[in-house]
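Below: one structure, written as structure tokens.
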Amino acid sequence: MNRISVNVDGTTYEDEVEPRLLLVHYLRDRPALTGTQIGCDTGNCGACTVDLDGASVKSCSVLAVQADGGEVTTLQGLAQDGEWHPLQRSFHECHALQCGYCTPGMIMAARDLLRHNPDPSPEEVRYSLRGNLCRCTGYQNIVQAVLAAAAAPDSVTAPAAGGEQTWP
Ligand code: FES
Ligand code: FES
């Protein structure tokens, strides 16, 4: 077992984990942040996308021990003071989801795009989301939602602030 300390969505968690534990399982099972989805477990679908120390990662391809000392932002850390992140609003307003399973990963990948390119073209949006699959094939509205969020002045936000928490 390894002792890790990870800040997730502004709250620091400390825990003993097995070296083989995937970050996505850690996020879902320990802080119970089940907004991060598991669609394939093989790095293909992007449903598990989160931010780790400023980089967009597929959390099924990262070990929890690799996040030790780091900061993770999940979909559930995007809302601020009860207000949705612009991408959450635009996905809602543009009807950019059907079953919604891909949505957390789509939004996290889109957030990463907008941080690096705040005014993307439709082609750049499609290219940036190439690692995220939607089984409901709602890509047209997803692209529209990302473009709509890019037009919002508050499209890039920091993770929510939080306190300290220790398990078990
Ligand atoms: S669950 Fe991670 S890429 Fe599919
Ligand atoms: S909305 Fe169903 S998988 Fe994308």
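The values are calculated or read from the model by the stated rules, or taken from the named source; none is laboratory data. Please read these numbers as outputs of a predicted model, since none were measured by experiment. No Cβ is skipped: glycine too gets one built from the backbone with ideal geometry, and neighbour counts run over all protein chains shown.
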Report whether or not residue 43 is more than 16 Å from ligand 2 (Cβ to nearest atom), among the small types (Gly, Ala, Ser), in contact (Cβ under 8 Å) with a residue 12 or more places away in the chain and in contact with a strand residue (DSSP E or B) (Cβ under 6 Å, 6 or more places away or on another chain). yes
Could you figure out which of (1) at pLDDT 90 or above; (2) of a type outside the set (D, E, K, R); (3) under 17 Å from the mean Cα position of the chain (by Cα) isn't true of residue 157? (1)
Hey, can you tell me all the residues within the stretch 27-66 that are over 16 Å from residue 103 (Cβ atoms) and within 9 Å of ligand 1 (Cβ to nearest atom)? 41, 42, 43, 44, 60, 61
Can you tell me which condition residue 114 does not meet? The list is (1) over 17 Å from residue 37 (Cα atoms); (2) crowded, with 17+ Cβ neighbours inside 10 Å; (3) within 16 Å of ligand 2 (Cβ to nearest atom), and all the others hold. (3)
Considering (1) surrounded by fewer than 20 Cβ atoms within 10 Å (Cβ to Cβ); (2) closer than 20 Å to residue 40 by Cα; (3) more than 16 Å from ligand 1 (Cβ to nearest atom), say which one residue 133 fails and leave the rest. (3)
Check off (1) within 20 Å of residue 148 (Cβ to Cβ); (2) buried (at least 19 other Cβ atoms within 10 Å of the Cβ); (3) touching a residue at least 60 places away in the same chain (Cβ under 8 Å) for residue 103 and give me the number that stays unchecked. (3)
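Yes or no: residue 126 among the charged types (D, E, K, R) and either assigned by TED's automatic domain parsing to the domain that holds residue 21 or in contact (Cβ under 8 Å) with a residue 60 or more places away in the chain (or both)?
no
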Matching residues in the stretch 90-125 (closer than 13 Å to residue 48 by Cα and aromatic (Phe, Trp, Tyr)) number 1
Quick one: count up the residues across the stretch 99-118 that are closer than 17 Å to residue 129 by Cα and in a loop (DSSP other than H, G, I, E, B). 5
Members of the stretch 126-140 that are over 18 Å from residue 51 (Cα atoms), under 19 Å from the mean Cα position of the chain (by Cα) and not in a loop (DSSP other than H, G, I, E, B): 126, 127, 139
Checking the structure you have, find out if any residue of the stretch 60-80 is of a type outside the set (A, V, I, L, M), away from ligand 2 (no atom under 16 Å from the Cβ), more than 20 Å from residue 26 (Cα to Cα) and modelled with pLDDT of 95 or more. no
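Residues to consider are 49, 73; find the one that is under 17 Å from residue 111 (Cβ atoms), buried (at least 19 other Cβ atoms within 10 Å of the Cβ) and in contact with a Gly (Cβ under 8 Å, 6 or more places away or on another chain). It would help to see each step written out before you state the result.
Working: 73 fails: in contact with a Gly (Cβ under 8 Å, 6 or more places away or on another chain).
From the options 49, 73, the qualifying one is 49.
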Tell me which residues, restricted to the stretch 39-95, are touching a Ser or Thr at 6+ places or on another chain (Cβ under 7 Å), more than 22 Å from residue 128 (Cβ to Cβ) and in a strand (DSSP E or B). 80
